[in-house]
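J.: Pasting a structure below so you can have a look.
The values are calculated or read from the model by the stated rules, or taken from the named source; none is laboratory data. Quantities reported herein were computed from a predicted structural model and do not represent experimental measurements. With ideal geometry, Cβ positions are generated from the backbone for all residues, glycine too; neighbour counts draw on all protein chains shown.
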Amino acid sequence: MNIIKLMIPKINVAYVNSNDTVRQGLEKLRAHGFTAVPVISQDGSYAGTLTEGDLLWAIVENGKADLKSLEGRRINSVIKQGRNPAVRIDAKEDELFARAAEQNFVPVCDDRGVFVGIVTRSAILYYFRDIYIKSYI
């Protein structure tokens with residue numbers, strides 16, 4: 001299987017920058033209706049995943065729930081490091097499947113670690129559904 005066939009390219013992915021504010025992250029999740037989005041560093045590398053839980057804990061630690069107070073913290077200070085690791089564009093199927101079993105999307109990076117897109121769990125399921133249907137028709 002070619003990961004590129006299943007991948008949503010970066011240009012079509014909702015993501016946040018690591019130096020964006022927590023408020024900007026919250027607004028991005030809300031605008032797109034997602035529970036998590038990739039975080040990209042200034043050099044274009046994958047920095048992690050911002051989740052609703054990260055935002056909730058940032059609000060709890062801040063002690064205030066108003067949006068204005070969330071402008072003082074950066075996303076890179078609230079994301080959990082090491083969660084949702086990326087795969088390389090040339091990753092084997094078993095690595096992609098293992099990651100997809102643990103997370104809704106799998107970030108994909110090139111050989112320099114630059115974020116190039118995501119593969120969603122649903123894309124993998126549809127891929128295998130199509131193979132199954134074709135083999136029985």
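J.: I want to confirm something. Restricting to region 90-113 and keeping residues that are over 12 Å from I3 (Cα atoms) and touching a strand residue (DSSP E or B) at 6+ places or on another chain (Cβ under 6 Å), which single residue is modelled with the highest pLDDT?
T.: Among residues in region 90-113 that are over 12 Å from I3 (Cα atoms) and touching a strand residue (DSSP E or B) at 6+ places or on another chain (Cβ under 6 Å), the one modelled with the highest pLDDT is F105.
J.: Name every residue in region 43-74 that is touching a residue at least 40 places away in the same chain (Cβ under 8 Å) and under 17 Å from Q103 (Cβ atoms), in order of residue number.
T.: Hits for region 43-74 are Y46, T49.
J.: Something else about it: Collect the residues in region 28-42 that are surrounded by fewer than 17 Cβ atoms within 10 Å (Cβ to Cβ) and touching a residue at least 40 places away in the same chain (Cβ under 8 Å), keeping them in residue-number order.
T.: Narrowing region 28-42 to residues surrounded by fewer than 17 Cβ atoms within 10 Å (Cβ to Cβ): 30-35, 41-42.
If the condition is that a residue be surrounded by fewer than 17 Cβ atoms within 10 Å (Cβ to Cβ) and touching a residue at least 40 places away in the same chain (Cβ under 8 Å), then T35 is the only one that fits.
J.: Any chance region 63-73 includes a residue that's in a loop (DSSP other than H, G, I, E, B) and closer than 19 Å to I8 by Cα?
T.: no
J.: Let me ask something else. Output the number of residues of region 1-27 satisfying the condition of being among the polar types (S, T, N, Q), part of a loop (DSSP other than H, G, I, E, B) and either touching a residue at least 40 places away in the same chain (Cβ under 8 Å) or buried (at least 16 other Cβ atoms within 10 Å of the Cβ) (or both).
T.: Total meeting the criteria: 2.
J.: Being in a loop (DSSP other than H, G, I, E, B) and out of contact with any Lys or Arg (no Cβ under 8 Å at 6 or more places or on another chain) narrows it down to one residue among A98, A91, A123; which is it?
T.: Going through A98, A91, A123 in turn, the sole match is A91.
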